[in-house]
Amino acid sequence: MTIQDLKSQNLILFEVISGSKSFGLDTPTSDTDIKGVFYLPKEKFYGLDYIPQVANETNDEVYYEIGRFVELLLKNNPNILEILATPEDCILYKHPLMERLRLEDFLSKLCKDTFAGYAVTQIKKARGLKKKIVNPMAKEKKSLLDFCYILQGYVSIPLRQWLNERNYQQERCGLINLSNSRDMFALFYDVEGNLGYKGIIQKESSNEVSLSSIPKGEAPVVYLSCNKDGYSKYCKEYTEYWNWIDKRNEDRYQTNQQHGKNYDSKNMMHTIRLLQTAEQILSTGKLNIRVLNRAELLAIKSGEKEYDELLRLADQLIISIDNYYKTSILPDYPDEKKGLETLIDIRKSLYS
């Protein structure tokens, strides 16, 4: 089922302009995001072909089946509550049955976890993104050899350096485990290349060193330490970094580079907005998504604020949210029974 199917079959119950335009944070370059609610034709709803969500390819138009919409309202999902709280000037269509879903019936203290919890997740994400921006990784991937070191007296030197200084080949090295020593090996070298040593690694992508059979009486040349934990951490960060490079929004990245603050400014703007929204819900018991501090938030988006300053603001908001949570008049959770009764009544009206 496509969005066009929803429209041609008159299945849409609610349709709004969401995102920056509904928040009052749009600029001339802002996209128009559309969100909505629909119901399924009776045969699909009563059959096996339940469809909870329909979206376009770019995911900037998303419609939720009425049951899924109520389910997420009961979980105090920020995106879904914000759809229900859309200002009148951003509502494109509203079926009379949608009047039965009242925002005040769903707001609860759970918003502390959903709004503020999501914002904290975004702060962690922003910290990780800042690390990627500040510390770019070379495209050529390191191998396990780069995490091996030769012990010489009281110091260690990189394995590659040690091999180069002696004009040795790693393929002619042989290793055996040292008992009671984690990731420590005795290294032997086959000058003639006829002892059948397996080398330190079999191939550049190896995650483990190779062990060899050593002739009896052969003396080790040196001892080798392999930092396998460091290599595993590097491989994870390498994969994350180059996946980010492949998938990043190039326009946003260039904007972040231009303002020179080394963080995703748009992400941080929405993080602060979410925390301020959580504070509003818990302090007033209401949700108004049209922001009153447009200039402040757009200044964050344009990179006018320092990263550490934004983290301090976030910490202050989290403390404020915790304090308002203790005195909030909101219920701990939405009234699930009432929400389900409303959903059933809406379905009965649709399918009667």
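Find how much the distance from residue 139 to residue 191 grows on full extension, using 0.36 nm per residue of separation minus their present alpha carbon separation; answer in nm with one decimal.
Details: separation 52, 0.36 × 52 = 18.72 nm, distance 3.38 nm.
Result: 15.3 nm gained on full extension.
Across the range 144-228, Cα pairs under 8 Å and at least six residues apart give a relative contact order of 36 percent.
Label separation (residue 337 vs residue 319): 4.1 nm, computed from points 7 Å beyond Cα along the C-beta direction.
Remind me, relative contact order of the chain in percent, using alpha carbon pairs under 8 angstrom and six or more residues apart? Don't skip to the end; give the middle numbers.
Values: 491 pairs, mean separation 71.1, N = 352.
Computed over the chain, the figure is 20 percent.
Using only DSSP helix segments of four residues or longer, with each worth -39500 (n - 2.57), what per-residue ellipticity at 222 nm results for the chain after dividing by its residue count and rounding to 500?
Numbers: 13 runs with 152 residues, N = 352.
The helix contribution divided over the chain gives -13500 deg cm²/dmol.
Model label points for residue 351 and residue 183, set 7 angstrom from Cα along the Cα-to-Cβ axis, are 5.9 nm apart.
What shape does the range 144-228 take by its C-alpha gyration tensor, where a ≥ b ≥ c are the square roots of the eigenvalues and a/c under 1.5 counts as rounded, a/b above b/c as prolate, and the rest as oblate?
Taking the square roots of the gyration eigenvalues as a ≥ b ≥ c, the range 144-228 is rounded.
Measuring r between the beta carbons of residue 205 and residue 53 and using R0 = 35 Å, the FRET efficiency lands at 0.35. Once both labels are positioned 7 Å from their Cα atoms along Cα-to-Cβ, the gap between residue 229 and residue 213 label points is 3.4 nm. If the segment from residue 8 to residue 104 were pulled out straight at 0.36 nm per residue, it would be longer than the present Cα-Cα gap by 31.3 nm.
Report the calculated FRET efficiency for residue 299 and residue 44 (r = Cβ-Cβ distance, R0 = 41 Å), to the nearest 0.05.
Working: r = 47 Å, r/R0 = 1.16.
Calculated transfer efficiency: 0.30.
The stretch between residue 146 and residue 238, if pulled fully straight at 0.36 nm per residue, gains 31.7 nm over its current Cα-Cα span.
No value in this document is a laboratory result; all are computed from the given coordinates. Just so it is clear, the model here is predicted, and its values are computed rather than measured. Glycine gets a Cβ as well: all are built from the backbone with ideal geometry, and neighbour counts include every protein chain shown.
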